[in-house]
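The values are calculated or read from the model by the stated rules, or taken from the named source; none is laboratory data. Note that the coordinates shown come from a computational prediction; the quantities given were computed from them, not determined experimentally. Counting neighbours? That spans all protein chains shown, and the Cβs are built from the backbone with ideal geometry, glycine included.
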Amino acid sequence: MRIDEDVLLEYPLSWQARALTGLLRGTVKPAFSLLMRHPLALAGVAHLGEIGRLVQMACPEHVVVEPVSFSSCGGEWVRGGRRLDERKAVLYFHGGGYFSCSPLTHRSITWRLSVAAGRPVLALDYRQGPEYRLADAQADALDAYECLLRRGHAPEHIVLAGDSAGGHLTLVTLLALRDAGRPLPAAAICLSPWADLTDIPRRVNRWQDPMVPAGRVRWLARRYTLGLDPWDPLVSPVHGDFTGLPPLMIVTGSTEVLRDEARRVALRAREAGVPVRYEEWPQMPHVFPILADVLPEARLAFRHMSRFLRAAARRNERMGGTTAA
């Protein structure tokens, strides 16, 4: 696999994908449009998420989940098999618009990512809105990374990954580590990243996206950037300087409302000399790898992630650096 390239995949859409996108368009998208209109509704959805934490998401029998605590938050180690390299780790940030979801809701991603990466995944339960701010989530992400270093994981054996808001957190964590002069991880994977929190209207794919309403993304961005400079790269990483960052893999769907900011991240990173594998999957919904239980395309995406990590490791070894994914 080549790391530094844009891949616009072409294949016949599975019947599962056709059925699922139709279902999402008729249920999830209208629900998001209705709920994300008032701060009280947002708080209500966040509290429903607390109830969801009590429900154990089913995983295959070979998957082992172990709770873990940090200074301000928690998380869980997810091991997708027995023959994993315990010297290595993936630090994973779940999505959910910074107000919902948890490591528990994203286990269908984390256990498969553990298999794909051949190492344990540390899924962080970072602090979220409406009670907490972006800075709190970012502090939790940096704390978890430093914890991995203190635990004995070499930076060249750590990979950062995240989806949607977690993709945003992945990018800002990389920028913050670089700016602080801290050792960087070996690679990073962003699934459908939310990378631009400036007050811009999203017109591309506004009607084609089967899941995410463009106007509600803008509404959330306004809430989370209140009192902040939305053009700050640690708020909108799409406007950052990516010089010195490790290889990136960006995965998005062709009809996503967030697709263009994923493209812009890939372009800016590549302009800064960062190897970027950008994959655009036709007609896939937002963060489609989470649907791997039903979508064959999602299961294939994890195979691509595995190949990317192996290729990134080979590249880093050829360059003679200490970074090896």
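Can you pull out the residues in the stretch 5-24 that are surrounded by fewer than 14 Cβ atoms within 10 Å (Cβ to Cβ) and either of a type in the set (K, R) or within 20 Å of G273 (Cβ to Cβ) (or both)?
Those that are surrounded by fewer than 14 Cβ atoms within 10 Å (Cβ to Cβ) and either of a type in the set (K, R) or within 20 Å of G273 (Cβ to Cβ) (or both): E5, R18.
Sort out for me the strands (runs of 3 or more DSSP E) sitting completely within the stretch 109-193 that have 3 or more residues that are in contact with a His (Cβ under 6 Å, 6 or more places away or on another chain).
Result: empty, no element qualifies.
Is it true that some residue in the stretch 91-102 is touching an Asp or Glu at 6+ places or on another chain (Cβ under 9 Å) and assigned to a helix (DSSP H, G or I)?
For the stretch 91-102, residues touching an Asp or Glu at 6+ places or on another chain (Cβ under 9 Å) and assigned to a helix (DSSP H, G or I): absent.
Among R277, R299, R203, which is touching a Leu at 6+ places or on another chain (Cβ under 9 Å) and basic (K, R)?
R277
Looking at the stretch 180-207 only, could you name the residues that are closer than 24 Å to F288 by Cα and surrounded by fewer than 15 Cβ atoms within 10 Å (Cβ to Cβ)?
The answer is P201, R203, R206, W207.
Filter the stretch 294-325 down to the residues that are at pLDDT below 95 and in contact with a helix residue (DSSP H, G or I) (Cβ under 6 Å, 6 or more places away or on another chain) and list them by number.
T322, T323, A324, A325 - these are the residues of the stretch 294-325 that are at pLDDT below 95 and in contact with a helix residue (DSSP H, G or I) (Cβ under 6 Å, 6 or more places away or on another chain).
Would you say R79 is modelled with pLDDT of 90 or more, over 22 Å from D140 (Cα atoms) and basic (K, R)?
no
Any idea which of (1) in contact with a Lys or Arg (Cβ under 7 Å, 6 or more places away or on another chain); (2) of a type in the set (A, V, I, L, M, F, W, C); (3) in a helix (DSSP H, G or I); (4) modelled with pLDDT of 95 or more is the one V217 doesn't satisfy?
In the conditions (1) in contact with a Lys or Arg (Cβ under 7 Å, 6 or more places away or on another chain); (2) of a type in the set (A, V, I, L, M, F, W, C); (3) in a helix (DSSP H, G or I); (4) modelled with pLDDT of 95 or more, V217 misses (4) alone.
I want to confirm something. Restricting to the stretch 123-148 and keeping residues that are in contact (Cβ under 8 Å) with a residue 40 or more places away in the chain and of a type in the set (F, W, Y), which single residue is nearest to T110 (Cα to Cα)?
Out of the qualifying residues, it is Y126.
Could you say whether any residue in the stretch 247-262 is under 23 Å from A180 (Cβ atoms) and touching a Lys or Arg at 6+ places or on another chain (Cβ under 9 Å)?
Looking for residues that are under 23 Å from A180 (Cβ atoms) and touching a Lys or Arg at 6+ places or on another chain (Cβ under 9 Å), one finds at least one in the stretch 247-262, hence yes.
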